Amino acid sequence: MAEATIPLTIPENFNPQTCMLGRWEEGRTFHASRLAAEFAADLVANGTPQYLDLAEDVLEAVLQCQERREGDPHMGNFLWEREDEAVEAIGLRGIPKVTGGQLNT
């Protein structure tokens, strides 16, 4: 892999404890799974070994937000925020899901 030419600065709101981007709202910090996934894509696009390692950690954090229990009507969907107790949408169509390590559209 060629060395990256894309300059990248780790955002100030990156939380190394959660490996996600945080935002302060209503007296709490929230970590959106979608924003973390976008950040991971930026890290991969950068391509340096340092950022590829960080992308793995960020993607692991994103996957921790995925509902993976067999039989759950939300299986394959993601929490909007890491802090949510449950997935909030059922039966979304046209949204890819990751199940068994495979991307299903």
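The values are calculated or read from the model by the stated rules, or taken from the named source; none is laboratory data. The structure displayed is predicted, hence computed values, not measured ones. With ideal geometry, Cβ positions are generated from the backbone for all residues, glycine too; neighbour counts draw on all protein chains shown.
Among the residues of region 47-61, those that are at pLDDT below 95 and either outside any helix (DSSP H, G or I) or under 14 Å from E83 (Cα atoms) (or both) comprise G47, T48.
Restricting the first member to region 18-42 and to residues that are surrounded by fewer than 19 Cβ atoms within 10 Å (Cβ to Cβ), and the second to residues that are of a type in the set (D, E) and assigned to a strand (DSSP E or B), the beta-carbon pairs closer than 8 Å and six or more apart or on different chains are F30/E81. Among the residues of region 13-29, those identified as of a type outside the set (D, E, K, R) and closer than 20 Å to L54 by Cα are N13, F14, N15, P16, Q17, T18, C19, M20, L21, G22.
Among the residues of region 22-46, what is the count of those that are assigned to a helix (DSSP H, G or I) and either under 17 Å from R82 (Cβ atoms) or touching a Leu at 6+ places or on another chain (Cβ under 9 Å) (or both)? Total meeting the criteria: 13.
Please state which one of A41, A32, A45, A55 is of a type in the set (G, A, S) and in contact with a Lys or Arg (Cβ under 9 Å, 6 or more places away or on another chain).
Of A41, A32, A45, A55, the one residue that is of a type in the set (G, A, S) and in contact with a Lys or Arg (Cβ under 9 Å, 6 or more places away or on another chain) is A32.
Within region 10-21, the set of residues being aliphatic (A, V, I, L, M) and not in a loop (DSSP other than H, G, I, E, B) comprises M20, L21. Whenever a residue of region 68-83 is among the polar types (S, T, N, Q), its partners that are exposed (fewer than 13 other Cβ atoms within 10 Å of the Cβ), lying with C-beta atoms within less than 7 angstrom and at least six residues away or across chains, give the pairs N77/A89; N77/L92.
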